[in-house]
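See structure below.
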Amino acid sequence: MRIVIAKPGLDGHDRGAKVVARALRDGGHEVIYTGLRRTPEQIVRTVLDEDADLLGLSSLSGAHAFLFPRICELLIEAGCGDVTVFGGGIIPVDERSALFDVGMRAIFGPGTKMQEMNDFVSEVSNRVESGEPVGVGEGGDWVWSGA
Amino acid sequence: MKAAIGSGLGREHLTETLLGKAIAGERRALAKLLTAVENGEINRESLGIENHLDDGTIIGLTGAPGVGKSCLIEKLLSQWSSDGLKVAVIAVDPSSPLSGGALLGDRVRMDSADSDLNVFVRSFATRNQPGGLPVTVGLAANLMRNCGYDYVLIETVGAGQAEIRIVSFADRVVLVESPSRGDQIQAEKAGVMELADLIVVNKSDLEGSERAASEISMALEISGNPPPVLLASAKTGAGISDFALQLQNIPVKRGAEVARARERLLSAWDSALLSRGDISEVLNNLACGDESAQEWVEQNLRWFDE
């Protein structure tokens with residue numbers, strides 16, 4: 001799978017994003033890293049031009065409640081509703097359902113095992129194969145709840 | 001992996017529709033077609049575009065890791081875009097020989113990549129093809145040219161002295177060097193330096209850059225018909241406009257036609273070999289030592305001894 005890993009907003013901490021990128025690389029995926037401090041528009045542009053299957057968003061600054069839904073909205077507008085969006089970083093548990101509501105399929109918090117990220121991507125791949133909805137704009141109520 | 005452009009019935013029609021949209025400037029259509037090209041799902045015939053004619057618009061940039069290829073490309077992108085030109089980039093990074101995965105990080109150094117509408121950057125993984133360049137890069141570059149991009153820049157993986165596969169895909173090849181990369185004897189060695197149409201010594205703001213440039217010039221002058229050697233700094237912007245201008249006007253290097261043809265042949269050959277239906281089986285047999293590579297070639301390629 002082609003996966004974009006992005007750092008939206010002014011958050012300058014990307015150790016986590018880089019570790020995730022590396023884990024997915026070792027899982028056999030082609031991972032494109034955007035670099036720090038990207039706007040929602042820039043991230044959508046990267047997903048579009050690189051024809052990514054998945055987009056992973058990392059935020060540790062608390063701005064996820066605005067940035068993640070905005071990115072989901074722009075992706076759908078750009079015709080990328082079939083892209084699977086997941087997130088990670090510091091996302092309080094009680095703020096996650098709002099993110100699932102806008103089409104995100106998984107949120108990974110601190111302590112997530114690298115294997116779990118790859119299990120999630122495999123599950124997405126299986127669901128794509130069998131035609132089940134996994135994209136940000138495809139509806140359905142599937143979200144990742146662990147292996 | 002998602003089917004890029006559908007399969008079975010109606011696929012030709014889909015390709016045609018996508019190509020029409022891509023030519024009209026729709027980025028997503030071009031992105032989808034590039035995926036199909038990269039995955040080997042469509043070729044030049046099924047895409048229905050002409051062979052690219054050598055006109056100096058597909059330019060390869062090669063050089064050792066860390067010399068500043070991505071940063072120089074970013075400078076070229078902003079320069080050419082502000083001149084009203086549309087530029088596409090194919091940025092190649094290595095795939096892991098173990099997992100097959102890849103970390104494609106060249107966009108990080110190219111600010112125009114996700115901001116400038118005149119620019120289209122696409123990352124390619126080598127997918128472990130020999131020569132460090134996937135054979136699909138040639139068609140991808142041609143497709144980008146057909147979709148209205150005036151120039152296509154191909155950034156190779158950080159290469160050493162002998163990786164010259166880029167000459168089979170690019171009309172012109174630029175070798176990027178930097179100061180303190182060794183003494184003059186490095187410039188005397190055979191390899192990519194002899195095939196480059198232009199050499200740019202990046203990091204001209206650093207000490208020793210002028211000396212590096214003059215050593216390279218001296219080494220190449222002996223062979224006759226030396227390529228221009230420029231100084232530039234992606235950091236300060238010095239020399240960039242001259243570099244951009246010269247790139248648009250470099251004549252094809254004489255005497256390298258046979259070397260180019262050889263790389264094209266090897267590239268096509270590698271591609272044919274690796275797309276054999278039984279290639280995984282062959283590799284597994286070789287990996288467990290049942291047969292040596294040399295034996296396999298002698299038995300399976302009948303012309304070998306004739």
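Computed from backbone phi with θ = phi - 60° and the Karplus coefficients 6.51, -1.76 and 1.60, the 3J(HN,Hα) list for the range A:31-46 is 10, 10, 9, 7, x, 7, 6, 9, 7, x, 4, 5, 5, 5, 4, 5 Hz; x is used for glycine and proline. Relative contact order of chain A, taken over Cα pairs closer than 8 Å and 6 or more residues apart, is 24 percent.
Go ahead and run the numbers for FRET between B:SER223 and A:ARG37, Cβ-Cβ distance against an R0 of 41 Å, rounding to 0.05. Provide the component values of the computation, followed by the final result.
On the way: r = 47 Å, r/R0 = 1.15.
The calculated FRET efficiency here is 0.30.
Using the reciprocal of the averaged 1/r over all distinct C-alpha pairs, how large is the Kirkwood radius of chain B in Å? Before the final figure, lay out the partial values.
Numbers: mean 1/r = 0.0484 Å⁻¹.
Value: 20.7 Å, from the Cα pair sum.
With neighbour counts taken as other beta-carbon atoms within 10 Å, the residues A:MET114, A:MET1 rank, fewest first, as A:MET114, A:MET1. Sorted ascending by nearby beta carbons within 10 Å, beginning with the fewest, B:HIS13, A:HIS64 become B:HIS13, A:HIS64.
If we count other beta carbons within 10 Å of each Cβ, what is the order of A:ARG37, B:ARG27, A:ARG15, fewest first? Provide the component values of the computation, followed by the final result.
Details: A:ARG37 13, B:ARG27 18, A:ARG15 9.
The most exposed by this proxy come first: A:ARG15, A:ARG37, B:ARG27.
What you get for the protein assembly as shown, charging only the Cβ of Lys and Arg (+1) and of Asp and Glu (-1), is a dipole of about 800 debye around the Cα centre. Of A:LEU75, A:LEU36, A:LEU55, the residue with the greatest mean-square motion in the GNM of chain A, using alpha carbon springs below 10 Å, is A:LEU36.
Could you give the dipole magnitude of chain A about its Cα centre, charging the beta-carbon of Lys and Arg +1 and that of Asp and Glu -1, in debye to the nearest 20? Each step should come with its number before you reach the end.
Working: 14 positive and 22 negative charges, 138 e Å.
The dipole magnitude comes to about 660 debye.
Charging the Cβ of each Asp and Glu at -1 and of each Lys and Arg at +1, and nothing else, the dipole of chain B about its Cα centre rounds to 820 debye.
Taking square-rooted eigenvalues a ≥ b ≥ c of the alpha carbon gyration tensor, is the range B:198-242 rounded, prolate or oblate, where a/c under 1.5 means rounded and, failing that, a/b exceeding b/c means prolate? It comes out oblate by the Cα gyration axes. Close amide H partners of B:SER204, meaning residues 5 or more places away or on another chain with modelled amide H under 5 Å apart, are B:ALA232, B:SER233, B:ALA234. Projected onto the charge dipole of chain B (+1 at Lys/Arg Cβ, -1 at Asp/Glu Cβ, origin at the Cα centre), which of B:SER223, B:ILE199, B:ILE279 gives the Cα projection farthest towards the positive end? Going by the charge dipole, the pick is B:ILE199.
So who's got an amide H within less than 5 Å of the one on A:PHE108, skipping anything under 5 residues away but keeping other chains? H placed 1.01 Å off N, in plane. For A:PHE108, whose amide H was placed from the backbone, the distant partners under 5 Å are A:GLY87, A:GLY88, A:GLY89.
Under the criterion of Cα pairs below 8 Å and six or more residues apart, the relative contact order for chain B equals 18 percent. Counted residue by residue at 0.36 nm each, then reduced by the alpha carbon distance between them, the extension gain from B:SER275 to B:GLU12 reaches 92.5 nm. If you plug the beta carbon distance of A:ALA98 and B:VAL108 into 1/(1 + (r/R0)^6) with R0 = 25 Å, you get a FRET efficiency near 0.25.
The HN-Hα couplings worked out from phi for the range A:96-110 by the Karplus form 6.51 cos²θ - 1.76 cosθ + 1.60 (θ = phi - 60°) are 7, 5, 5, 6, 5, 4, 8, x, 6, 10, 7, 10, 10, x, x Hz, whole numbers, x standing for Gly and Pro.
Which length gain, in nm to one decimal place, applies between A:LEU10 and A:ALA63 when the Cα-Cα distance is subtracted from 0.36 nm times their residue separation? Walk me through the numbers before you get to the answer.
Working: separation 53, 0.36 × 53 = 19.08 nm, distance 0.87 nm.
Once the chain is fully extended between A:LEU10 and A:ALA63, it gains 18.2 nm.
With 30 Å as the limit, write out which pairs from A:LYS18/B:LYS69; B:LYS32/B:LYS235; A:LYS113/B:LYS203 have Cα-Cα distances beyond it, or answer none.
Numbers: A:LYS18/B:LYS69 22 Å; B:LYS32/B:LYS235 34 Å; A:LYS113/B:LYS203 41 Å.
Flagged as over cut-off: B:LYS32/B:LYS235; A:LYS113/B:LYS203.
The GluC sites (Glu not before Pro) found in the range B:45-113 that occupy coil by DSSP, while having at most 13 further C-beta atoms within 10 Å, are B:GLU50.
Can you check what the Kirkwood hydrodynamic radius comes to for the protein assembly as shown, Cα pairs only, in Å to one decimal?
Working: mean 1/r = 0.0427 Å⁻¹.
Kirkwood radius, the protein assembly as shown: 23.4 Å.
Relative to the current alpha-carbon distance between B:LEU98 and B:VAL282, full extension at 0.36 nm per residue lengthens the span by 64.5 nm. Amide H to amide H, with H built 1.01 Å from N, B:PHE124 comes under 5 Å of B:ALA91, B:VAL92, B:ASP93, counting only residues 5 or more places away or on other chains. Our coupling estimate for the range A:10-27, obtained by passing each phi through the Karplus curve with A = 6.51, B = -1.76, C = 1.60 and θ = phi - 60°, is 8, 5, x, 9, 10, 4, x, 4, 5, 5, 4, 4, 5, 4, 5, 4, 5, x Hz, Gly and Pro reported as x.
Calculated on C-alpha atoms, the gyration radius of the range B:107-150 divided by its Kirkwood radius gives an Rg/Rh of 1.03. Take the Kirkwood radius over Cα pairs of the range A:1-91, plug it into Stokes-Einstein at 4 °C and 1.567 mPa s, and you get 101 µm²/s for translational diffusion. Shown here for the range A:24-113: chymotrypsin sites (Phe, Trp or Tyr not before Pro) in loop regions (DSSP other than H, G, I, E, B) with at most 14 other Cβ atoms within 10 Å, of which there are none.
Only the coordinates and a few stated rules stand behind these numbers; no lab work does. Quick caveat: nothing in here was measured; it's all calculated off a predicted structure. Glycine gets a Cβ as well: all are built from the backbone with ideal geometry, and neighbour counts include every protein chain shown.
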